[in-house]
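Written below as structure tokens is the structure these notes are about.
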Amino acid sequence: MEVKRTVPVKLNVPKERRDDLHQTIQQFNTAANYTIDHGRDDDGDLILNKSTIHDEVYHDLRDETDLPANLVVRAYSKAVEAMKSTVAEWGERQQPPASLVQ
């Protein structure tokens, strides 16, 4: 069984660097959204494999953002995980409610 824990951490960002942090966050979110918008194969199916999505979006994200390579990889990985979660939820909705299963 895998256990995940979230630990809140307060970041002390100097005032003169706050704009940089906000810009990085904005570009990270833009990269994740770009991945979702362009994360389909030729048949229109979602690409849920990180190696495949890398080939599809990595170079575009490096060209279109100021993010370092590590953050580009984290952004498209986060987008893939979100797409996988959504696909799983769609699959669960296709199942009949337990009260209808005999």
Using amide H atoms built in the peptide plane, which far-off residues or other-chain residues are under 5 Å from Arg40 H to H? Ile47
Rank Thr65, Thr6 by accessible area, highest first, at a 1.4 Å probe radius? Thr6, Thr65
Let me know the charge dipole size of the chain about its Cα centre in debye, to the nearest 20, where only the beta-carbon of Lys, Arg (+1) and Asp, Glu (-1) is charged. 800 debye
Residue by residue, what Karplus-based ³J(HN,Hα) values in Hz, rounded to whole numbers, does region 61-70 have, using 6.51, -1.76 and 1.60 with θ = phi - 60° and x for Gly and Pro? 5, 5, 6, 8, 10, 9, 6, x, 3, 4
Pop the C-beta distance of Asp43 and Val73 into the FRET formula with R0 = 35 Å and round what comes out to the nearest 0.05. 0.90
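Whole number in Å², please: accessible area per residue of the chain, 1.4 Å probe, ligands, DNA and RNA not counted.
On a per-residue basis, the chain sits at 82 Å².
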Per-residue SASA entry for Ile25, accessible area with 1.4 Å probe, Å² rounded to 10: 80 Å²
Kindly express, to the nearest 10 degrees and within the range 0 to 90, the angle between helix 18-37's C-alpha long axis and the longest C-alpha principal axis of the chain. 30 degrees
With unit charges on the beta carbon (Lys/Arg positive, Asp/Glu negative), name the residue among Ala69, Ala32, Val13 whose Cα is farthest towards the positive pole of the charge dipole of the chain. Val13
Please give, to one decimal in nm, the separation of the simple spin-label points placed at Ser51 and Trp90, each 7 Å out from Cα toward the Cβ. 2.4 nm
From largest accessible area down, sort Val13, Val3; use a 1.4 Å probe on the protein chains. Val3, Val13
Reported to the nearest 10 Å², Ser51 has, with a 1.4 Å probe, an accessible area equal to 80 Å²
Calculated FRET efficiency for the pair Asn33/Asn12, C-beta based, R₀ 30 Å, to 0.05: 0.55
Relative contact order of the chain, pairs being alpha-carbon contacts under 8 Å that are 6 or more residues apart, as %: 28 percent
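So for Met1, Met83, what's the accessible-area order with a 1.4 Å probe, most first?
Greatest to least solvent exposure: Met1, Met83.
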Not counting ligands, DNA or RNA, and with a 1.4 Å probe, what is Arg40's accessible surface area in Å² rounded to the nearest 10? 120 Å²
Shape descriptors of the chain over alpha-carbon atoms, Rg and Dmax in angstrom, are 17.8, 63
³J(HN,Hα), Karplus 6.51/-1.76/1.60, whole Hz, each residue of region 4-17, x for Gly, Pro: 10, 10, 10, 10, x, 10, 8, 8, 9, 9, x, 3, 6, 10
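The values are calculated or read from the model by the stated rules, or taken from the named source; none is laboratory data. Worth saying up front: this structure is predicted, and the values here are computed from it rather than measured. Cβ coordinates were reconstructed from backbone atoms using ideal geometry, including for glycine residues, and neighbour counts include every protein chain displayed. The protein model used for the area step is the full one, side chains on, heavy atoms only, and it has no ligands, DNA or RNA in it. Shrake-Rupley method; radii C 1.70, N 1.55, O 1.52, S 1.80 Å.
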